Amino acid sequence: MKADVDKIVSLSDKDSIPELQKYLSSLMDDQETSAVQHCITLCESGDLQTEVAADIIGLLMLETHLLPGPSLAQLANLFVEAIKMGKMRSGKSLELFPTVLTALAACEAVEYGKGELSGEEFKKQLINSLCSSRWDPQCVIHLTTMFRDVPLSPEELQFVVEKVLRMFSKLDLQEVPPLVYQLLLLSAKGCKKQILDGIVSYFKAQDLCLEEEQKRGQSLDLEFESVPQDQLRHVEGTAILHIVFAIRLDHELGREFLKTFKTSYADMCPFSVALLLSIARIQRYEEQVFDLLKGAVIKSFKDEQLQQGSKIIQDLLPQHRCVSQMILDTVQNSVFGWDHVTQGLVQLGFFLMDNFGPKPGPFGKPMHEPLRGEILEQVLNRLVTKTASPVTHYLVIETFDQLSYLPLTTVQGLLKAVQPLLKVSMSLKDALILVLRKSMFSSQLDGRKSAVTGFLLLLKNFKVLGSLASSQCSQSISSSQVQVDVHSRYNSAANEAFCLEILSSLRRCLGQQADVRLMLYEGFYDVLRRNSQLSGSIMQTLLSQLKRYYEPDQDLLPPVKLEPCITAHGDQVYLLEPLAHLLSCTIHCLLWLQNMHRPATGEDSDEEEEEEEGYQSELVTVLESMTRRMIKSELEDFELDKSAEFSMGSSVGVKNNIYAVLVMGVYEILIEYNFSKANYKDSTQSREEALSVLRSSGEFVRYSLSVAIQKIQQLEETGHTDGPDGMNADKIFRFLCDMTSVLMWRYTNIPSVVEDAGKKEKRTTLSQLCLEGLLRIFTTCQQRFPDRMAQLLSTMESEEDLDEGNVTQINFFYIRQFQRVLFAQLSGEQDEFNSKEAQLIVCILGVLSRQLKPSSQEFVQMITWTVKLCKETSFEDSPFAKGLLSLLFSLHVLYKSPVSLLLELCQDIHSQLGDIDPDVEVEKQSHFAIVNTKTASTVAMLVLSQVDRLLDEVDWLIAKKKSQTASEKTGNGETTQNAGHQDPIEKMVTLQLGTLLTALNELVQTSLPPGTCTITLLRAMGRTYTILTTLVKYYIQVCSNHGTLPSRFEKLVKLSSGETSSGGTDDKKKKKKNETNTTASAKLLRETKTIPDLIFNIELYEKYLITLSKKSKVNLMQYMKLSTSRDFRIKTATLEAALQDQDDSQQTTASQEDQEESQEPKQKKRRK
């Protein structure tokens, strides 16, 4: 203080008034700065009340703009140093910092070191220093809040955002949502994409870290998580709410977020999927989000399919996580209170069903009904567990009111899905029963069938006390068939009365149409097994119904009355009673009851047993009488003699057809009954003699095989079969195992000389049926039971003893068996060759080879054997050649690229069909004997299809490389490529295209037959040049970012400039012109439509090649031939002259041909 006074006195003595004023001003500024510093320190100390500290900061904000530049700079440096030292933890005084920086930026000049800077530049230096220093994690949220009020240039804002995003990993998990909120507010200044990407990337990394920890914990039997899963999910849910709220206020933020995922779904993760589904609740984004997710799902499946089917892509690129798996992860994560995500998940499920349900989806197969039911089940389960509001049940009841108007399949799926609701809601059950009773009298047939479906469902799931357990019934119950133990909550007597009342309602169905009765018969067997206490009522119902069509007089033939089974309306005759199904249901129920032995469970057990024995013995008597009299009956007894009319155009013919179907069905059911009752599994002499009689009948064996194949086909297409055990997965699989053993034994052990001697045609038919059955079994098992293929092929009962090596050996054992059979066929003469049988064997080998791992020795042996067969087999059979080469390609793509294989096949095709120039003689060469003059055209079409598939792979790889280059450019500013080192993807693309061009050049020079083959070739060429253009565009992008062209690409350009691009096209046009005299003009026009497209693609390729030459400073056009100038303007005079010349040439054709015949042929040139 004394020093200040002395300074003032000395300046006063010198009469230096300006200096005195300047010093006094600086002294006052220092005092004000010191006061501000003390206030800031006091506010950060925490000794003041919040209101007092806020008042002080507010007062200082009003006075800050009065401070001079040096004081502002001093204050700003004070703030920066305090932040670096971690003294701003409370953040109360940081509200003053933006005001200081704003005032500082307005200063014209501020001292900086030994010089001066403008206020704006000084502010930039401060921000740079601040963001380059270490931040206390507790200050991050306060600093982010502070920067919202600081004027920032785009570069400064980006610097700040990058700093804040780097701090995410250093914060406690609970501090992340507030920071996300402040960042979203900061996004109003800009950097929206960077902020959103940073938030998503952080949570993506957290999810991956948690997943890795869980996997590591499972492998070590530990339960350790550095971040608890439930805590992370709750934090993610809060962050999602913040982002959605910000997007509601700032639609530009929403557009930036959606734009990120439109370009590449590879950036998606479960968190981003959940965020998208939450954004879908905003109406303006709903359609965009679901379209985006739909496209991502489709593209993900296509990419996965492409990667799984190509060894090249598997080696070059790691497999990305499937979008569908991300959606499933989001479903699992939604249990942590993500109600805002659940609604979007439900909407997405129905959106996907609407797009891919009724009509074929992107892969040609419709979505299965069980999947619809599963989605409905999940939705309704969530409704029940998430809320107890009666409004939920009201919505379901309202749905019930529409049952009679819905398609039957939809009703079945809905009723299966609402089973859990029936367990917890009595009112819901009562409402359903009321609706079903009304539907029973609906004017619509589907309405009545829906009523039967509902009633049968209730009978199966509302068990009466005393019924057999589900394990005794050998009935596996899926998650969508939850068993409702009503007796645990309701009175048993009331429950039994309820079921009997339903049975009474169902009896009314026995007087309705055949379709309604059929549903009832098909459902009674399952009801009996699930609710065995109802057996008495069910069997009495079936017996009384059967007696309507049974002739009790033992002396009369036939034993069944067919006339009551039909009805007429006008001139039309209809089936009224599906008698065979009634008889089948009755027999299956009877056999099941006879096989079940239940212990006595009460006082009334004796009475019940007597009652059961009564109707069972009566039924047995009826069936024995029916069997005996049906054996004696002739067709004339059914009014079906050989002279009967069976035309479907008349009512008499329709009636006779119905009668015939009914009679055949009755015979089949009685055969099944007697066969099952006799228990032919026991090997007694009498039974063996009976079986030998059946086996000796070729017609019976053929019929049995046909029926078995029909069952397998039904299983393949629908996942279940008709009959009592058609829905039981274990018994269905057991059936497949038994049929595999039977068909393999039949095909491999009965030689043609033993079976039907002298009737080779019948033996061949049986062999084909066996092979067709085996093919369908293997295909069905791969689709429906993919994990049990080895069990199917083995004789073991379970897979417990099967290790990986054993599974491979079992599979390869069957492969070798079929290989030997096929080789034996090919070893004979072609006249004895059975093409259809050989094709089936090749298809079976293809299915079995899918079970082999491409890295296994067995897989390599399979490829070697197939290649050898193609090289040595010379049969002129096009369908067999196509099948065998298709097998070779399917194996080869999983082992290595088939492009060299395609080149050799193209050379063989060229050699067999000759050159388009008749003066050129092609050098005879044969890599594969399977390619000959008869099969060459078929092989050419197959080769072109493989070319198209390879072009798909190349196109996909180029697209992936372009997206990688774009992301690298975004992240690093530029892309670089090491000189002399080519990227593996670029190298593979170049090699593939080069070999494909060589192969296509062979086909271009080949005299292919006009028509589909030529058109397909031209299209393949056009697509090849389109992909070459895409590759050129990619290298334009690379050269724009200071990259270099690899030498292989220059060689590829040189290769693309050969005969394929110019000479080949001209030769094709000449060939077409020469064919004008022998081919119809309309057909010629269709065949040459693709030529202009090809020319356009080549010219477009040359156009971008010129651009690339300029960018790369490499003259690539030196390899290209000049294109012909084409003027598409029609000149009338020229056209008329050309037409006149054509007429003249046609008139002289005959004489020229006569002269040419007498001339000696010209010496042909040889082409290698």
Sole exception among (1) touching a helix residue (DSSP H, G or I) at 6+ places or on another chain (Cβ under 7 Å); (2) touching a residue at least 40 places away in the same chain (Cβ under 8 Å) for ILE863, by number: (2)
Is it true that some residue in region 1075-1088 is buried (at least 18 other Cβ atoms within 10 Å of the Cβ), modelled with pLDDT under 85 and under 29 Å from THR990 (Cα atoms)? no
If the Cβ limit is 9 Å and pairs must be 6+ apart or interchain, which residue in region 286-312 that is within 21 Å of GLN992 (Cβ to Cβ) and open to solvent by 30 Å² or more (accessible area, probe 1.4 Å) pairs with which residue that is among the basic types (Lys, Arg) and assigned to a loop (DSSP other than H, G, I, E, B)? LYS311/LYS896
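A quick yes/no check of all residues on (1) polar (S, T, N, Q); (2) at pLDDT below 80; (3) in a strand (DSSP E or B):
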residue	(1), (2), (3)
GLN925	yes, yes, no
ILE930	no, no, no
THR933	yes, no, no
MET941	no, no, no
LEU950	no, no, no
ASP955	no, no, no
ALA959	no, no, no
SER963	yes, yes, no
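Just the residues that are under 24 Å from the mean Cα position of the chain (by Cα) and crowded, with 17+ Cβ neighbours inside 10 Å, please, taken from region 936-946.
Filtering region 936-946 down to residues under 24 Å from the mean Cα position of the chain (by Cα) leaves 945-946.
Matches in region 936-946: GLN946 only.
Which helices (runs of 4 or more DSSP H) does region 241-320 wholly contain that include 3 or more residues that are over 30 Å from LEU888 (Cα atoms)?
Numbers: elements: 251-263, 270-279, 283-308, 311-316.
The helices (runs of 4 or more DSSP H) meeting that bar are 251-263, 270-279, 283-308.
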Identify the single condition in (1) in contact with an Asp or Glu (Cβ under 6 Å, 6 or more places away or on another chain); (2) open to solvent by 40 Å² or more (accessible area, probe 1.4 Å) that GLN283 does not satisfy, given that it satisfies every other one. (1)
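Quick grid of which residues meet (1) charged (D, E, K, R); (2) in contact (Cβ under 8 Å) with a residue 60 or more places away in the chain; (3) open to solvent by less than 30 Å² (accessible area, probe 1.4 Å):
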| residue | (1), (2), (3) |
| --- | --- |
| VAL847 | no, yes, yes |
| GLN851 | no, yes, no |
| THR873 | no, no, yes |
| LYS882 | yes, yes, no |
| LEU901 | no, no, yes |
| GLU904 | yes, no, no |
| HIS910 | no, yes, yes |
| GLN925 | no, no, no |
| LYS934 | yes, no, no |
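Considering only residues of region 713-741 that are of a type in the set (A, V, I, L, M, F, W, C) and either touching a Phe, Trp or Tyr at 6+ places or on another chain (Cβ under 9 Å) or part of a helix (DSSP H, G or I) (or both), which is farthest from LEU848 (Cα to Cα)? Walk me through how you get there before you give the answer.
First, the residues of region 713-741 that are of a type in the set (A, V, I, L, M, F, W, C): 715, 727, 729, 732-733, 735-737, 739.
Cutting the leftovers down to either touching a Phe, Trp or Tyr at 6+ places or on another chain (Cβ under 9 Å) or part of a helix (DSSP H, G or I) (or both) gives us 715, 729, 732-733, 735-737, 739.
Working: LEU715: 19, ALA729: 22, ILE732: 20, PHE733: 17, PHE735: 19, LEU736: 15, CYS737: 15, MET739: 17 Å.
So the residue we want is ALA729.
Looking at LYS677, is it in a helix (DSSP H, G or I), modelled with pLDDT under 90, closer than 30 Å to ASN595 by Cα and of a type in the set (D, E, K, R)? So that I can check it myself, show each step before the final result.
Working: in a helix (DSSP H, G or I): yes; modelled with pLDDT under 90: yes; closer than 30 Å to ASN595 by Cα: yes; of a type in the set (D, E, K, R): yes.
It is true that LYS677 is in a helix (DSSP H, G or I), modelled with pLDDT under 90, closer than 30 Å to ASN595 by Cα and of a type in the set (D, E, K, R).
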Checking TRP745 against (1) at pLDDT below 85; (2) in a helix (DSSP H, G or I), the condition it does not meet: (1)
Quick count over region 790-824, residues being outside any helix (DSSP H, G or I) and modelled with pLDDT of 60 or more, is 2
Being over 37 Å from the mean Cα position of the chain (by Cα) and part of a loop (DSSP other than H, G, I, E, B) is the filter here; which residues of region 998-1040 pass it? GLN1005, SER1007, LEU1008, PRO1009, PRO1010
Inside region 106-172, counting only helices (runs of 4 or more DSSP H) that do not spill past its ends, which hold 1 or more residues that are modelled with pLDDT of 80 or more and either more than 18 Å from ILE83 (Cβ to Cβ) or not acidic (Asp, Glu) (or both)? 140-147, 154-166
Return the residue satisfying two criteria in turn: it lies in region 198-209 and is open to solvent by less than 50 Å² (accessible area, probe 1.4 Å) and either outside any helix (DSSP H, G or I) or at pLDDT 85 or above (or both), and of such residues it is farthest from LEU241 (Cα to Cα). GLN206
So LYS655, is it open to solvent by 60 Å² or more (accessible area, probe 1.4 Å) and not in a loop (DSSP other than H, G, I, E, B): yes
Return a yes/no flag: does region 616-629 have any residue that is modelled with pLDDT of 85 or more and in a loop (DSSP other than H, G, I, E, B). no
Could you please tell me which pairs satisfy a Cβ distance under 6 Å, a separation of 6+ or placement on different chains, a first residue in region 696-710 that is more than 20 Å from PHE735 (Cβ to Cβ), and a second residue that is among the aromatic types (Phe, Trp, Tyr)? none
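The values are calculated or read from the model by the stated rules, or taken from the named source; none is laboratory data. In this text the structure is predicted, and so the values were computed from the model without any measurement. As a convention, Cβ positions derive from the backbone with ideal geometry for all residues, glycine included, and neighbour counts pool all protein chains shown. Areas reflect the complete protein model, heavy atoms only, side chains present, ligands, DNA and RNA absent. Shrake-Rupley method; radii C 1.70, N 1.55, O 1.52, S 1.80 Å.
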